[in-house]
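A.B. asks: Take a look at this one; I'll ask things after.
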Amino acid sequence: MTVLPSQIAATTTLSPLPGDFQVEVSKWSGEIRQNLEFMNKGERVLENVFNAPRRKHADQTSASMAHAIAQMLYPGAPPDSLAPIIQYEKDIVKLRVYIQEQRKADIETATARRAAKDWRKRIIHQGPWNEVDDPLSLEGPPSLPMPVQIGTTEDFAPFFSHLKMGGDDNLMGGEDAEMKLEPYYDTHMIEFGRGVLYADRRMDLCKMVVGPTHIGDLTDSLETNLFTQHFLLGNNIIGPLGANRIARFVDKYPNRMITWYLAGNCIDGESFEILANSLVKSTSVTNVWLKRNPLGPSSVDALFRLITHAQNLRTLDLDQTSIGDAGVARLFSLLADYKPSSPPALRHIYLNACGVGTKAAEQISRYLANDSCTLTSLYMSHNPLGNGAAKTLSIGLKSNKTLERLVMSSGGLKDEGTIQLLASLSSHPALRVLDIGQGYATEDLGMRFNWLTEAIVPSLINVIQTVPTLKYLVLDYTPMSRRGLNEIMNVAVSPNVTAKLLYFFAKPIHPQGSDYESVKDGQEAARLWRLLKTRLEENAAKEYNGIKY
């Protein structure tokens with residue numbers, strides 16, 4: 001028997017309801033009440049909350065049950081009042097967000113546990129990179145999308161219809177979708193079976209897989225949608241056909257989108273050239289994300305044109321795009337020789353897993369030293385850098401004044417090249433982030449871990465003492481001795497040190513010895529880490545208006 005909401009609203013008691021229905025309502029109200037108590041105490045909440053009846057559920061019995069549970073949880077309201085069901089929905093959302101955070105904490109705990117066991121062994125097993133006997137490819141890892149299955153027309157029809165009607169993050173009519181808050185960020189959103197729209201104007205179809213089959217329907221539906229400004233289509237394998245359809249959309253509406261997130265879409269160099277020719281006409285686009293597309297070295301001219309002609313392009317993601325050392329070298333050679341009346345808008349470039357070696361590093365170095373360089377972020381992890389590229393980069397870094405973020409995890413870095421690199425950063429006027437640690441995907445991408453010992457300690461301490469803007473310093477798991485790490489922490493905890501760090505992470509990969517000196521170093525490390533943790537928290541509170549670490 002189906003119980004309608006009108007039947008529930010007609011009484012403040014639940015006794016007239018069918019027996020099975022009443023039992024289920026009592027069960028859910030008890031479980032939700034208990035979970036709310038757990039949440040308020042900061043204890044673990046049961047995940048069955050995700051199956052709790054909701055007011056807007058497509059199943060009428062479930063929707064009716066939500067009203068009944070709400071009345072049992074929040075009694076005393078007038079029979080026709082919506083207050084109980086509104087409060088019920090709010091509490092369900094809170095519980096779901098709490099569970100998401102709970103899951104995140106579980107993942108972080110498990111990851112940390114695995115890392116503590118595995119990282120050390122993996123790094124020790126690999127050892128320092130021997131660039132002569134163990135040469136790595138300079139073409140970069142393959143640009144493959146994740147394995148996915150293209151959806152059906154029926155899968156996308158509700159979302160595309162919503163877009164075509166000019167829909168935003170709110171329900172229209174009797175749509176089969178759910179309005180809720182984005183976990184962790186509390187941004188209002190509407191979620192369909194395949195497709196999400198957020199209040200901040202993001203359209204998210206990542207991993208929904210429209211493929212070349214439905215990309216035309218998607219761009220057609222967006223023609224009448226003035227709400228969407230951020231086009232997120234990661235891992236949708238749209239291919240060259242899809243790139244052409246997007247290019248046609250940009251030709252018609254060059255300033256409609258601010259962000260184009262097109263990672264993992266099988267876009268090759270030839271089709272990217274067509275897309276770039278359209279994107280350069282836009283004055284609104286600021287972010288283009290292209291990771292895991294096989295652009296290849298043939299895309300360099302189109303990339304250069306995009307950087308220099310898209311008036312407001314700030315962020316360009318080229319991670320794992322098979323451009324290779326030679327391609328990256330040519331791109332930055334063009335940029336270094338480019339003498340515009342006003343510099344490009346580009347601020348952030350991602351070159352992770354691109355095959356960057358010494359040849360590319362030489363041209364990147366030229367550009368970094370150039371007066372027209374406006375880069376504030378340079379991400380170069382998972383590349384065959386080694387001593388050669390590190391030394392070459394140091395030449396340009398010495399003259400650079402703009403860089404705020406330099407990330408070079410798992411680049412096969414060693415002491416000799418890193419010492420020169422750190423020396424070039426001495427007294428840098430802008431650097432905020434320095435990451436010379438390890439990357440999770442190192443072995444998957446066929447790259448090499450960084451191997452940095454206490455030999456770099458004096459150079460690293462000099463950076464901490466001479467770069468007042470430095471906030472984030474990462475060494476990750478390192479072959480450095482505890483005594484060497486203690487020297488770094490001892491400087492970082494000083495109230496008079498120039499750099500006011502907000503984050504620092506470093507752990508030795510070698511087990512602590514049992515001799516007197518080793519035990520003493522270990523005890524000192526524990527003491528300094530406690531002091532440093534307090535110092536980082538104090539610095540963060542000062543930097544961000546009382547925020548807790």
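The values are calculated or read from the model by the stated rules, or taken from the named source; none is laboratory data. Worth saying up front: this structure is predicted, and the values here are computed from it rather than measured. With ideal geometry, Cβ positions are generated from the backbone for all residues, glycine too; neighbour counts draw on all protein chains shown.
A.B. asks: Looking at Ala263 and the list (1) in contact with an Asp or Glu (Cβ under 8 Å, 6 or more places away or on another chain); (2) over 30 Å from Ser299 (Cα atoms); (3) of a type in the set (A, V, I, L, M), which single condition is not satisfied?
C.D. replies: Failing condition for Ala263: (2).
A.B. asks: Oh, and also: Do we find that Lys401 is touching a helix residue (DSSP H, G or I) at 6+ places or on another chain (Cβ under 9 Å) and either crowded, with 21+ Cβ neighbours inside 10 Å or within 28 Å of Ala541 (Cα to Cα) (or both) in this structure?
C.D. replies: The answer is no for Lys401.
A.B. asks: Right, something else. Name the single residue, out of those in segment 489-533 being touching a residue at least 40 places away in the same chain (Cβ under 8 Å) and β-branched (Val, Ile, Thr), that is nearest to Val467 (Cα to Cα).
C.D. replies: Val493
A.B. asks: I want to confirm something. Restricting to segment 246-259 and keeping residues that are touching a helix residue (DSSP H, G or I) at 6+ places or on another chain (Cβ under 7 Å) and surrounded by 19 or more Cβ atoms within 10 Å (Cβ to Cβ), which single residue is farthest from Tyr350 (Cα to Cα)?
C.D. replies: Residue satisfying both the conditions and the ranking: Phe249.
A.B. asks: Quick check on segment 506-536: of everything there that is in a helix (DSSP H, G or I) and among the polar types (S, T, N, Q), which residue is farthest from Asp118 (Cα to Cα)?
C.D. replies: Thr534
A.B. asks: Can you pull out every residue in segment 450-496 that is of a type in the set (Val, Ile, Thr), closer than 17 Å to Asn387 by Cα and part of a loop (DSSP other than H, G, I, E, B)?
C.D. replies: Hit for segment 450-496 is Thr453, nothing else.
A.B. asks: Among the candidates Leu351, Leu375, Leu335, which residue alone is surrounded by fewer than 23 Cβ atoms within 10 Å (Cβ to Cβ) and touching a residue at least 12 places away in the same chain (Cβ under 8 Å)?
C.D. replies: Sole residue among the options that is surrounded by fewer than 23 Cβ atoms within 10 Å (Cβ to Cβ) and touching a residue at least 12 places away in the same chain (Cβ under 8 Å): Leu375.
A.B. asks: Follow-up question, since we're still on this one. State whether one or more residues within segment 264-284 are surrounded by 22 or more Cβ atoms within 10 Å (Cβ to Cβ), in contact with a helix residue (DSSP H, G or I) (Cβ under 6 Å, 6 or more places away or on another chain) and of a type in the set (Ser, Thr, Tyr).
C.D. replies: Within segment 264-284, one or more residues are surrounded by 22 or more Cβ atoms within 10 Å (Cβ to Cβ), in contact with a helix residue (DSSP H, G or I) (Cβ under 6 Å, 6 or more places away or on another chain) and of a type in the set (Ser, Thr, Tyr).
A.B. asks: Among the residues of segment 1-55, write down those that are of a type in the set (Gly, Ala, Ser), part of a helix (DSSP H, G or I) and modelled with pLDDT of 80 or more.
C.D. replies: Ser26, Ser29, Gly30
A.B. asks: Give the residues of segment 480-525 that are among the hydrophobic types (A, V, I, L, M, F, W, C), farther than 21 Å from Leu452 by Cα and surrounded by fewer than 16 Cβ atoms within 10 Å (Cβ to Cβ), sorted by residue number.
C.D. replies: Scanning segment 480-525 gives a single hit, Val519.
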